[in-house]
Amino acid sequence: MTDKPLPRETPRSQPFWDAIRAHHIDIQQCDDCRRWVFFPRLHCPHCFSRRLTWKTVSGEGELLTYTLSRVPTLPEFADGVPQKLAVVQLDEGPHLNTTLVGLAEDEIEVGMRLRPVFDDIVPGETTLLRYTARR
């Protein structure tokens with residue numbers, strides 16, 4: 001169990017969180033314009049189609065930007081400073097907000113290749129998607 005706040009699933013985001021718990025990444029793709037969509041939505045932000053399908057992706061991508069937060073974003077995160085907060089651009093295009101793990105501060109570089117890490121906070125209940133270097 002954790003004392004940290006955890007994401008709340010919604011009916012719209014449920015397929016994403018179900019996939020993360022199963023240690024793979026599913027995101028939506030528009031059946032009409034074929035563009036990838038993240039965060040989970042009811043319609044495509046590109047062509048406004050409501051025909052979206054959940055598809056499994058590799059989850060690999062590139063570090064678009066990051067920050068080292070030396071002041072915890074919430075008191076519950078004080079044990080993890082500096083927080084390595086990042087935006088990853090998936091190979092399919094969408095951006096994900098995440099936390100970097102398994103990397104020293106001097107190893108982090110914008111543009112570096114990353115792979116997903118599935119962090120089982122509460123096994124079978126809550127898994128978070130983190131990222132680390134692809135080696």
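If I filter the stretch 18-29 for residues that are farther than 19 Å from Leu114 by Cα, open to solvent by less than 40 Å² (accessible area, probe 1.4 Å) and part of a strand (DSSP E or B), do I get at least one hit? Yes, the stretch 18-29 has at least one match. Condition check: without any contact (Cβ under 8 Å) to a residue 40 or more places away in the chain, polar (S, T, N, Q) and part of a loop (DSSP other than H, G, I, E, B). Does Thr56 satisfy that? For Thr56, the condition - without any contact (Cβ under 8 Å) to a residue 40 or more places away in the chain, polar (S, T, N, Q) and part of a loop (DSSP other than H, G, I, E, B) - is not met.
Evaluated against (1) farther than 30 Å from Ala104 by Cα; (2) outside any loop (DSSP other than H, G, I, E, B), Pro45 falls short on exactly one condition, (2). One residue stands out in the stretch 121-135 among those that are at pLDDT below 95 and of a type in the set (D, E, K, R): the one that is most open to solvent (accessible area, probe 1.4 Å), namely Arg135.
Only one of the listed residues (Phe48, Phe38) is in the same structural domain as Phe16 (by TED's automatic domain parsing) and either β-branched (Val, Ile, Thr) or closer than 19 Å to His23 by Cα (or both). That residue is Phe38.
With respect to Arg50, is the statement that it is touching a Ser or Thr at 6+ places or on another chain (Cβ under 9 Å), at pLDDT 95 or above and either farther than 22 Å from Lys4 by Cβ or among the hydroxyl-bearing types (Ser, Thr, Tyr) (or both) true? Before the answer, list the steps.
Working: touching a Ser or Thr at 6+ places or on another chain (Cβ under 9 Å): no; at pLDDT 95 or above: yes; either farther than 22 Å from Lys4 by Cβ or among the hydroxyl-bearing types (Ser, Thr, Tyr) (or both): yes.
Taking the combined requirement at face value, the residue does not satisfy it.
For Leu64, the conditions (1) assigned to a loop (DSSP other than H, G, I, E, B); (2) open to solvent by 60 Å² or more (accessible area, probe 1.4 Å); (3) under 13 Å from Pro94 (Cβ atoms) all hold with the exception of (1). Only one of the listed residues (Glu109, Glu76) is open to solvent by 60 Å² or more (accessible area, probe 1.4 Å) and part of a helix (DSSP H, G or I). That residue is Glu76. I'd like to know if the stretch 76-91 contains one or more residues that are farther than 28 Å from Pro123 by Cβ and either modelled with pLDDT of 95 or more or over 15 Å from the mean Cα position of the chain (by Cα) (or both). The answer is yes, given that some residue of the stretch 76-91 is farther than 28 Å from Pro123 by Cβ and either modelled with pLDDT of 95 or more or over 15 Å from the mean Cα position of the chain (by Cα) (or both).
Can you pull out the residues in the stretch 84-106 that are out of contact with any Leu (no Cβ under 7 Å at 6 or more places or on another chain), closer than 25 Å to Lys55 by Cα and open to solvent by 70 Å² or more (accessible area, probe 1.4 Å)? Reasoning before the result, please.
Residues of the stretch 84-106 out of contact with any Leu (no Cβ under 7 Å at 6 or more places or on another chain): 85, 91-94, 97, 100-104, 106.
Applying the additional criterion that residues be closer than 25 Å to Lys55 by Cα yields 91-94, 97, 100.
Matches in the stretch 84-106: Asp91, Asn97.
The values are calculated or read from the model by the stated rules, or taken from the named source; none is laboratory data. Owing to the predicted nature of the structure, the values given are computational and were not obtained by experimental measurement. We place every Cβ from the backbone using ideal geometry, glycine too, and count neighbours over all the protein chains shown. For the accessible areas, the whole protein counts, side chains as well, though only heavy atoms, and no ligand, DNA or RNA atoms are used. Shrake-Rupley method; radii C 1.70, N 1.55, O 1.52, S 1.80 Å.
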